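This report concerns only the one structure given below.
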Amino acid sequence: MGQWLKRVHVNDGLNSIYLDEGFIRRIVPEEQSHLTYEREWDAQGFLMLPTFKDYHVHLDKSFPSNRWISRKPVSSLFEQFQLEKDLMAPLKRNQLDRARQTLQQLLDYGTTEMRVHVDIDPDIGLSHLETILTLKEEFISKLKLEIVAFPQQGLIRSSSQNLIKQALQQGASIVGAVDPAGVDQDIEASLSAIFRLSVECDAEIDIHLHDPGHLGLFTLERIVDYTLRYGKQGKVAVSHAYCLGEVEEAATHAIVGKIAEADITIISSVPIDSAMPRVSHLVSQGVNVRVGTDHTGLDAWTPFGDGDLLSRGRRMAEKYMWNDDDRLCSVFPYIAASPIRFREGDKANFILLDALNPQHAIATAPTREIVCVNGTAVAGRKLQTAWAANSNLKTEGCL
Ligand SMILES: [Zn+2]
């Protein structure tokens, strides 16, 4: 038997929604819904929005949330790599607990799907992957995780090809990489290895690209060539790609067209400390653009990460000065796991929050009161309170 969710603000009005077996079966305007049902709960007028998909997270790098770990300025990416290694070394023991805490935090923010980059190198082997696979199993009813086998120290530079292959055979589904030029120092060797692994293991590709300016653009050209040569259209993503925002727009027209043609996705964390690809330009040329939070808490890269994708959407709107209704709402396709309008027959995956409409939610990023997956409330502030118990809400372990 299903249950009714009454007085929920969805699709521009107050409605009652019937949930059954994990799906939204009916959406009825509130004024037409006079009946009192045995199994109903009152959503108190909260706004219903889709849950989120985070396209770029690292769950294995967060520091303990209750301890400040000092960091110092660094002058190069390699120094940053070493700093991270040094800071993470003493934290190995509690990695599973920390990653679990981070994952729960993301779920409380309403993120129910995510692409997780997992560090792999000869020093740590597949230990981080084991942690994330354990959590993937643990959260299987609430979260969809896709795993990127990520050689943070460089695929070629750290000689991690065999380990990446093993990771792809043991649960990762995407080949990761970082800066074929700047880190691996050999664009052709790096891309050859990446694409060969991708073909051999039938895996997608997601490359961190920090290399600046025209070096970055040249690397993108080569990534396009390899994508076409290996028939990997629609299976390749480039994360960050700062170079697309660093070089003058006119100089990026040709490469942006090629990226669209090769169906390569550009993923941005909406950085405030470096240039960002020009999203409107990319989208107008047919490029698929997605957003990830990248840093989910205190880590060696930044003290500002929080894993809240709705807040990241607000940052995106602020950065581009998208301050009218339409452009505020235009943020959702970059962060949402499903369309913003709900229809009968949709999966019952949604969040409830205190906002007047979707554009208000982007502008204010309010607390997620309820996060519902397959018709069951699994996270959110209200789940911790008597509200859930008193509302006859179907919650984990209750019904
Ligand atoms: Zn990253």
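The values are calculated or read from the model by the stated rules, or taken from the named source; none is laboratory data. This is a predicted model, so every value here is computed, not measured. All Cβ positions, even for glycine, are placed from backbone atoms using ideal geometry, and neighbour counts span all protein chains on display. Keep in mind that these areas ignore ligands, DNA and RNA; they rest on the heavy atoms of the full protein, side chains included. Shrake-Rupley method; radii C 1.70, N 1.55, O 1.52, S 1.80 Å.
Scanning the stretch 87-140 for residues that are at positive phi and of a type in the set (Val, Ile, Thr) yields nothing. Taking the stretch 330-371 as the range and being part of a loop (DSSP other than H, G, I, E, B), among the small types (Gly, Ala, Ser) and in contact (Cβ under 8 Å) with a residue 12 or more places away in the chain as the test, the residues that pass are Ala337, Ser338, Gly345, Ala348, Ala355, Ala365. Contact map, the stretch 228-242: first residue under 14 Å from Ala275 (Cβ atoms), second residue away from the ligand (no atom under 16 Å from the Cβ) and not hydrophobic (A, V, I, L, M, F, W, C), Cβ cut-off under 8 Å, separation 6 or more or different chains; pairs are Tyr242/Pro212. Taking the conditions (1) in contact with a strand residue (DSSP E or B) (Cβ under 6 Å, 6 or more places away or on another chain); (2) open to solvent by less than 60 Å² (accessible area, probe 1.4 Å) in turn, Lys136 satisfies each one other than (2). A search for C-beta distances below 9 Å between a residue of the stretch 1-30 that is among the acidic types (Asp, Glu) and any residue that is open to solvent by 40 Å² or more (accessible area, probe 1.4 Å), counting only pairs 6+ apart in sequence or on different chains, returns Asp12/Arg341; Asp12/Asn357; Asp20/Met1; Asp20/Arg26; Glu21/Asn374; Glu30/Arg7; Glu30/Leu14.
Give me a count of the residues in the stretch 65-77 that are of a type outside the set (Ser, Thr, Tyr) and in contact (Cβ under 8 Å) with a residue 40 or more places away in the chain. First the steps, then the outcome.
Taking the stretch 65-77 and keeping what is of a type outside the set (Ser, Thr, Tyr), we get 66-69, 71-74, 77.
Among the residues that remain, those that are also in contact (Cβ under 8 Å) with a residue 40 or more places away in the chain are: 68-69, 71, 77.
Residues meeting the conditions: 4.
Just one residue in the set Met1, Met48, Met88 is farther than 30 Å from His128 by Cα and in contact with a Lys or Arg (Cβ under 9 Å, 6 or more places away or on another chain); that residue is Met1. For the stretch 159-185, taking the residues that are under 23 Å from Phe218 (Cβ atoms) and among the small types (Gly, Ala, Ser), the one that is nearest to the ligand (Cβ to nearest atom) is identified as Gly176. Evaluation of Ile264 against the conditions (1) more than 16 Å from the ligand (Cβ to nearest atom); (2) open to solvent by 30 Å² or more (accessible area, probe 1.4 Å) shows that the sole unmet condition is (2). Candidates are the residues of the stretch 307-329 that are without any contact (Cβ under 8 Å) to a residue 24 or more places away in the chain and either under 20 Å from Asp108 (Cα atoms) or in a helix (DSSP H, G or I) (or both); the one that is nearest to the ligand (Cβ to nearest atom) is Glu318. In the set Thr302, Thr293, only one residue is within 30 Å of Glu79 (Cβ to Cβ), at pLDDT 90 or above and touching a His at 6+ places or on another chain (Cβ under 9 Å); that residue is Thr293.
Considering only residues that are open to solvent by 20 Å² or more (accessible area, probe 1.4 Å) and either under 22 Å from Asp308 (Cα atoms) or of a type in the set (S, T, N, Q) (or both), look in the stretch 279-295 and name the one that is farthest from the ligand (Cβ to nearest atom). Filtering first and then ranking leaves Ser284.
Given the structure, is Pro212 open to solvent by 10 Å² or more (accessible area, probe 1.4 Å), touching a residue at least 24 places away in the same chain (Cβ under 8 Å) and touching a Gly at 6+ places or on another chain (Cβ under 9 Å)? Considered against the rule, which asks whether it is open to solvent by 10 Å² or more (accessible area, probe 1.4 Å), touching a residue at least 24 places away in the same chain (Cβ under 8 Å) and touching a Gly at 6+ places or on another chain (Cβ under 9 Å), Pro212 comes out as yes.
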